[in-house]
Amino acid sequence: MMRLALKMLMGDRSRYLTLVIGLSLVSFLFVQQGAAFCGIMARISKPIEAVGAPVWVSDAKLQSIEESRPLPDTDLSRVRSVPGIEWAVPLFLRIVQVRLHDGTFQNVRLFGLDNNSLIGRPPHMLVGRTSDLFAPDSVILGSSESDRLGGPKVGNTFEINDRLARVVGVADAARDFVGNPYVYTTYDRAISFTPPQRKQLNFILAAPKEGVSAEALASTIRRATGLGAYTLDDMRWLSIDYTIRNTAFPVLFAIALLMDFVVGMSVAGQTLHAFALQNERFLAALKAMGTGQLTLALMSVTQGLTVGLISFGIGSGAACLFGYLTGGGTGRLSFYAPWQLMAVSFGTLMVICFLSSLFAIRRVLLLEPGVVFRA
Amino acid sequence: MRYGGFYFSNQASYFAPSGRTGDLISLRKVTKSFGVGEARLQVLRGVDLDIQTGEILLLVGPSGCGKTTLLSVVAGVLDSSEGEIEVFGQRVDRMSRSEKANFRRAVIGFAFQQFNLVPTLTAAENAAVPLLIRKLPYAKALERAREYLALLGLEDRTEFQPTQLSGGQQQRIAIARALIAEPRFLVCDEPTAALDSEAGHQVMELLHQVGRKENRAVLIVTHDNRILSYGDRIAHMIDGKIVAINNNHESRKES
């Protein structure tokens, strides 16, 4: 009977195509909007992932990576004295302004790495070596958005706080939330690039000794120093949570997805309902011949879920192709479609189709099969 | 029955001998009314009727006299208001909706006046529907449907959709669908209305063969005078009551 149900549906080309096109569009919007949101959220944590240290230490009230709450230099020594620590180094991380040769200013994300170990350095260099940072005035440019600083070209120069910076290498770097170019240099040079402040150290990077977990070390640091200490993952979620709580992004995307759900219900509900109405006599005849209520409901649900499955394939495939063609999330348009997003989108579309098919068949279920004998 | 053991293994009670050799179907004081209050319309007014083994009963009467309502009530697709309806020893009027659905699936074959063929299915698929409802595998059901369609002269139309066929051909598909599961009780609403004389007689011959089999019965509502000779008895209905029943056998003997 399920096979017949599908033949009944697919034989009605116009309604079938209306359903598939409508639900594919719904699926496309779900995945595309969801991936855009996930992409934006993922970009918040890109600077954290770029540094990649297992434990981050900061002011206890830190809310986001975008905040600057400098610590006294003595805190570095305090952290180093915590049991279970392998190493701890300073990190300068702040948005600063660069003055270009044409007189324009551009914000950049300045990474000041430990003078000796260069811990937090970019993992993959495209041009040059990280050790080139030991040369005077040297900086390494992140590849993403580097065109804002005259392009990723070794030898280019610009000014930061009236001090010369010379590009000695180009690193592979992901785009962050606000799209600022990354500039890497040593810790001391980073401080010299910024106006003097009483406290300059905003993060301490640390690693646990062998046999100690990052979670355990972060907990020990918090207890021993009263500072904030986070694992890499905690640090990412701290920043993401802050953005979710303090920006309109989640509400805007939630409204878009809710509208998408409503449109999906309307398209699927109305079309399946019209299909059931059109076939009411035939379905009543099936009922008269002894088809049970459950079988009729299953036939309708089979039709709905099959259309949903096909539409999800088309819609999500189109959304992923769109994401790929627009730079795969590394370009200006953010796009990140983790399996959880695909699973939620699929589940939502199936719920739409399931509810719509039950809505469509309810009239037939209530119908007395005697109508088949009426002229 | 060729497929009896397979289809009806869990519905044996419908096919167990009823212990009666005479009436297979009996109606006593059956009434049916629609609406309430002043809008109430009584369509059946205490109908008494018996249909016997191996009998074809034709139900005739003017439009609006309640023929189709009576047919619907006997077949269990419409609830009666009052009265007793017994079909093969089962009290249809006491059955729940799901019991009626099971009963119809196991016992009754339907031929509708308006065919009710699904336009997006082929002739063979339409004819195979009762077997698919009984969960027979798709390929076997279609094979059987093609055999039945061939019996009705449609062997070269099995893969056509109803909209590609004439009214007469569509009616023959509907008849094939009614007969395919070899039901014990066949209810037909104007089965020859869309057929020319030759096709009409062909269909009636087939129904006649089915109705003649032991422990089977056929109830046909018709306005078609051409087929009256195929009925064993003819029940005349006026204003919701059976007013006369002619016995064709006796008429034939007398003549």
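Quick note: the coordinates plus some simple rules give every number you see, no bench work behind them. Keep in mind that this is a model prediction, so the values were computed, not measured. A quick note on method: Cβ atoms are made from the backbone with ideal geometry, for glycine too, and the neighbour counts reach across all protein chains shown.
A few notes on this one:
- From least to most packed, judged by other beta carbons within 10 angstrom and beginning with the fewest, A:Val167, A:Val344, A:Val139 follow the order A:Val344, A:Val167, A:Val139.
- Counting only other chain Cβ atoms within 10 Å of each residue's Cβ, the peptide B:112-118 averages 6.
- 0 to 90° range, to nearest 10: angle between helix A:232-246 axis and chain A longest Cα axis: 70 degrees
- Counted charge near A:Leu201, where neighbours are those whose Cβ lies closer than 15 Å (Asp, Glu -1; Lys, Arg +1): +1
- In degrees, nearest ten, helix A:339-366 long axis to first principal axis of chain A (Cα): 20 degrees
- Listed values for segment A:112-121 are Karplus-derived 3J(HN,Hα) couplings in whole Hz (6.51 cos²θ - 1.76 cosθ + 1.60, θ = phi - 60°), namely x, 8, 3, 4, 9, 8, 6, 5, x, 5, and x replaces Gly and Pro.
- Tilt relative to chain A, helix A:2-11 - C-alpha long axis, 0 to 90 degrees, to 10: 90 degrees
- Other residues within the sphere of radius under 13 Å centred on the Cβ of A:Gln97, judged by their own Cβ, net out at +3 (K and R +1, D and E -1).
- Eligible aspartates and glutamates near B:Lys241 by straight Cα distance, threshold 19 Å, same-chain separation 8 or greater: B:Asp48, B:Asp50, B:Asp79, B:Glu82, B:Glu84, B:Glu86, B:Asp93, B:Asp189
- Distance between the pseudo-spin-label points of B:Glu159 and A:Ser117 (7 Å out from Cα toward the beta carbon): 7.6 nm.
- Couplings for segment B:145-160, taken from phi via the Karplus curve 6.51 cos²θ - 1.76 cosθ + 1.60 with θ = phi - 60°, read 5, 5, 4, 5, 5, 5, 4, 9, x, 10, 4, 9, 10, 5, 9, 7 Hz in order; Gly and Pro are left as x.
- Annotation: amide H-H contacts under 5 Å for B:Asn215 (H modelled 1.01 Å from N, sequence separation of 5 or more, or interchain): B:Gly54.
- Other residues with beta-carbon under 13 Å from the beta-carbon of B:Met204 carry, at +1 per Lys or Arg and -1 per Asp or Glu, a net charge of -3.
- In this structure, the pairs whose alpha-carbon distance is over 32 Å, taken from B:Lys32/B:Lys135; B:Lys67/B:Lys140; A:Lys46/A:Lys199; A:Lys7/B:Lys67, are B:Lys32/B:Lys135; B:Lys67/B:Lys140; A:Lys7/B:Lys67.
- Amide H contacts for A:Ser138 (H built 1.01 Å from N in the peptide plane; partners 5 or more residues away or on another chain; cut-off under 5 Å): A:Arg166.
- Rounded Å value of the spacing that divides the Cα centres of segment A:32-67 and segment A:298-364: 29 Å
- Distance from segment A:157-173 to segment A:75-147 (C-alpha centre basis), Å: 11 Å
- Close amide H partners of B:Gly61, meaning residues 5 or more places away or on another chain with modelled amide H under 5 Å apart, are B:Met237.
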